[in-house]
Structure formats: structure tokens, C-alpha cells
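Working notes, structure below.
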Amino acid sequence: MIRKFEIKDTAAVMQVWIETIVEAHDFVNENYWHEAIENMRSNYILNSESYVYTMDGGVVGFISIIEESTIGAIFVEMPFQNKGIGVQLLNCVKEKHDKLFISVYEKNKNAQGFLTRQGFKFQYRQFDQNTQETELLFVWEKSENEL
């Protein structure tokens, strides 16, 4: 079930984030992510439009929109990946927005494939000074018949 993020979800969302981001981004030093936890919690999760996917009362995935149209995070716990949860989370925010942006690391081929399958189009490359990795910016726009 998808519902709007509530403050009580913070710890569970952060647990999903840290476990999943470390696994999905093994090309970035793990310490970087651990040092970013407080920034993620206070600047992204608590100051974003976020939705959680729950199963049996627990959070297994979430999506956060920052700056009105940028997907700042979309993560699903590893055991629940490839079961349509990420698609449902994306569809939830697609219903509420006409245009969405997201950046993913060039080395994260799984994320690139997922976004392409969901109708996102590659726009350009940029360099992330913090991680010393190349990011790819993707954009999705609601089509005429979806408006």
C-alpha cells in the first residue's frame, strides 16, 4: 500500500535508504553514505513530498520529490525489488506531476534501465564532485493523452 510519508516513518525510511544505497552504489565509498545520513534525513526526507510503500505495517520502499519536480530518492528494500513496487511508487508521483527529473549514477545500469522502461529520457551527463562519479539526468513528461 502506498501512503503519504509521516514523521513516524523516518527511521524506517532511513533504514531502507542506507541499506539500499550502499548495495546499489558499491562504486562509492560506503563511508560517504553513512556521513550523509543526517543530511538525507533533515534536508531530503523531512523537507520533501514523500510517499512510502508499506507491507504488513512496515516500510519497504519510498519515493521523495524535492524542489517540486525532482525525484530526490526512490528506494525499495532488496528483497522486494523487481516486484513492481518501484513502478507503483513512480506512478504515484506521475499522477501528481506533469514533469519529473531524476539523476542516477552512470555506473548504476539497473536504475538507468528501470527509468527508461518507465518512460524517462536521458538528457545529459554531469559530474558529482562529492562522489567523483558521473551522473545522468533523466526527465519524464506526461504525454498529451495523460493530461
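Structure data summary
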item	result
Distance in nm between pseudo-label sites at residue 131 and residue 29 (7 Å out along the Cβ direction from Cα)	1.5 nm
Estimated dipole of the stretch 92-131 in Debye, rounded to 20 [Cβ of Lys and Arg +1, of Asp and Glu -1, Cα centre]	140 debye
Lysine pair count for the chain [Cα-Cα under 20 Å; pairs on different chains or 8 or more apart]	14
Computed magnitude of the charge dipole of the stretch 50-140 (debye, nearest 20; Cβ of K, R +1, Cβ of D, E -1)	340 debye
Prolate/oblate/rounded label for the stretch 1-60 (Cα gyration tensor, a/c 1.5)	oblate
Projected label distance in nm at residue 123 and residue 107, using a 7 Å step from Cα toward the beta-carbon	2.4 nm
From phi via Karplus (6.51, -1.76, 1.60), per-residue ³J(HN,Hα) for the stretch 42-53 in Hz, x at Gly/Pro	7, 8, 9, 5, 7, 10, 9, 8, 10, 10, 10, 10
Taking the stretch 1-139 and dividing mean pair separation by its residue count, relative contact order in percent (alpha carbons under 8 Å, at least six apart)	20 percent
Three-way shape label, the stretch 64-147, alpha-carbon gyration tensor, a/c 1.5	oblate
For the chain, built as a Gaussian network whose Cα springs stay under 10 Å, the top-fluctuating residue of 57, 119, 72	57
Apportionment of accessible area to carbon and sulfur, the chain, percent (1.4 Å)	46 percent
Per residue accessible area in Å² of the chain, where ligands, DNA and RNA are left out and the probe is 1.4 Å	56 Å²
Net charge, residue 125 excluded, C-beta distance under 9 Å - Lys, Arg +1, Asp, Glu -1	-2
Directionally averaged projected area (convex hull, Cα atoms, the chain), nm²	8.5 nm²
Choice from 15, 126, 112 showing the highest fluctuation, given a GNM over the chain with Cα pairs closer than 10 Å	126
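The values are calculated or read from the model by the stated rules, or taken from the named source; none is laboratory data. Note that this is a predicted model, so its numbers are computed, not measured. FYI the Cβ positions are ideal-geometry reconstructions off the backbone, even for glycines, and counts take in every protein chain you see. Accessible surface is based on the protein model in full, side chains and every heavy atom, while ligands, DNA and RNA are left aside. Shrake-Rupley method; radii C 1.70, N 1.55, O 1.52, S 1.80 Å.
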